[in-house]
Structures are given as structure tokens and as C-alpha cells.
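K.L.:
The structure's right below; bear with me while I get my questions together.
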Amino acid sequence: MAKKTHKKAKKKTVRRAYSKADVKELRAHSRARTPVDKIAKLTKRTVGSLRQKALKLGIGLGHQR
């Protein structure tokens, strides 16, 4: 008898654009030196997404200061 293996369903990536308000909030968190993990939970975005956006905006987050 052959074993049946079930693969986990891959989660589809949903990309959300950054609004002007999102960018303003990110800049405020950068100035306040809020930890990136906390920003990620508050904004419901990944740490990687936040770091990439900060890099494009030329602002520091976490260890990049």
C-alpha cells in the first residue's frame, strides 16, 4: 500500500501598497525608535516589508541606525 502524504497549502502573498498615512506612521516610529517587531504587529506587515520600505525612504529601523 502506498503512503499518502499531504502537503501544506502554500499561503498566497497579498501585497498591500503603502498609503501616505502608512509612510507617515513609519517615519514617526523611526523617530521614536520603536522596535521593528512592535511596528510589524501594529501595522500588520512583515518585518521584511517594513525594512524594505524604510530603506527606500532612507530612514533607519532597528539595527540600521
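What follows is calculated from the coordinates using simple rules that are stated; it is not laboratory data. Predicted model, so just to flag it, every value in this text is computed and none were measured. For neighbour counting, all protein chains shown are included, and Cβ atoms are generated from backbone atoms with ideal geometry for every residue, glycine included.
K.L.:
With each label point set 7 Å from Cα along the Cα-Cβ vector, what nm distance links Lys24 and Ser49?
P.N.:
2.0 nm
K.L.:
Can you tell me which of 51-58, 4-11 comes out highest on packing, and rank the rest after it, using the mean Cβ neighbours within 10 Å? Can you show the working numbers first?
P.N.:
Numbers: 51-58: 13.4, 4-11: 5.4.
Per-residue mean Cβ counts within 10 Å order the peptides as 51-58, 4-11.
K.L.:
What does the convex hull of the Cα atoms of the chain come to per residue, in Å³, rounded to a whole number?
P.N.:
Working: hull volume 7.7 nm³, N = 65.
Roughly 119 Å³ of hull volume per residue.
K.L.:
Mind listing the phi-derived Karplus ³J(HN,Hα) values for the stretch 41-51, rounded to whole Hz, using 6.51, -1.76 and 1.60 with θ = phi - 60°, and x for any glycine or proline?
P.N.:
So the Karplus estimates, Gly and Pro as x, are 5, 5, 8, 6, 10, 7, 4, x, 4, 5, 5 Hz.
K.L.:
Would you mind checking Lys8/Lys41; Lys10/Lys53; Lys20/Lys53 for any pair whose Cα atoms are more than 18 angstrom apart?
P.N.:
Distance filter (> 18 Å) returns Lys8/Lys41; Lys10/Lys53.
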